1. Do any GluC sites (Glu not before Pro) in region 27-97 lie in a DSSP loop with no more than 12 other beta carbon atoms within 10 Å, and if so, which?
2. So what is the orientation-averaged projected area of region 39-133, using the convex hull of its C-alpha atoms, in nm²?
3. Could you please report the charge total around residue 153, scoring K, R as +1 and D, E as -1 over all other residues with beta-carbon less than 12 angstrom from its beta-carbon?
4. When the chain is fully extended, how far beyond the present Cα-Cα distance does residue 171 get from residue 73, taking 0.36 nm per residue of separation?
5. Determine the relative contact order of the chain: mean sequence separation of Cα pairs under 8 Å and six or more apart, normalised by residue count, in whole percent.
6. Where in region 61-96 is the amide nitrogen less than 19 Å from a point lying 7 Å along the Cα-to-Cβ axis of residue 16?
7. Please work out how much length the chain gains when fully extended from residue 142 to residue 92, using 0.36 nm per residue of separation minus the C-alpha to C-alpha distance, in nm with one decimal.
8. Quick check on the chain: helices-only [θ] at 222 nm, where DSSP H runs of length 4 and up contribute -39,500 (n - 2.57) each and the sum goes over total residues. Nearest 500, please.
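Each value in this text was obtained by applying a stated rule to the coordinates, not by laboratory testing. Remember, it's a predicted structure, so these values are computed and weren't measured experimentally. Methodologically, a virtual Cβ is constructed for each residue, glycine included, from the backbone with ideal geometry; neighbour enumeration extends over all protein chains shown.
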Amino acid sequence: MTTKPELTLPDYRVEYLPTTISIQNYEQLQQTVDDYANKFNNIVVTEATEKDAKNIRAELRKVSAALDNRRKEIKKDFNRPYDDFAEKVKVLRASLDRAIIPIDAGLKELEEQQRQARLAGVQDLIEEMAPNYGVDSSEIDVDPTWLNKTISKKKIVDGIAGAMVSIKKAKDKLATDISTITKYAEVQRVDPAGWVDQLKQGQDVDYLMAAIDAQVKRQAERQRELEAKAAEEQTHQENRGSAIVDTDTGEIVSHKVALMITTTKEKMWLLKNFMDSNHIQYEKVK
């Protein structure tokens, strides 16, 4: 089917005659209702008038219900012609829907197939362009607007290029920041791994440098405290055979622990110097 079908309905007419609803003797009816309301609207309810008040209320409600029931009867009769007409239209539309629904489903399926085809085309472009921008194609999220039917290929290419440039800049900056933090941590003799992880999570370089400085300061203070404590303890300790004894208490304060340490040669020398300066005995295991 390549041309638009000319669908026309046969001439038909809907006969509709507006209905007049009128209440005969309305003025007299209104006057009677008003008289009832005026007669009883000033009743004072007390224990003495409670029974009469309930009876009057019941009678007034009965009159009100009778009026409303008549309204409902008229409405039902008034609506019956329209309800019959609406049901006939419903039947006619159901016949048309039997053709509309499968066409609608087919068009939606075709639209999804076309969208998937456009998506495959965009992904092919991303794969093709990624090496030129130094990024991985998996790093590029497909913008939903790139899948619009009306978008031009130039706009898609420009959009992909813009995304790739942004990602490349972010990657280059991260690489530079990682190098900066790694070198700074190594100079401060701090393991850079944890600081690099924070950097990857979005932390600022200046903040991390200040944090490294603060950690180094805390470690230095802690080291001075330990060294001072060790120096003070040595004033009342002496070697007795293979043990170190506290001369004030007689307590054996030495402990022997076997460790296998794996680290760089540079850090191993640092560890040796630390143990020597703190009079920690050690021996090489053969």
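1. 47
2. 17.8 nm²
3. +1
4. 27.5 nm
5. The value is 6 percent.
6. Residues passing the 19 Å test: 75-93.
7. Separation in residues times 0.36 nm, less the Cα-Cα distance, equals 13.5 nm.
8. -23500 deg cm²/dmol
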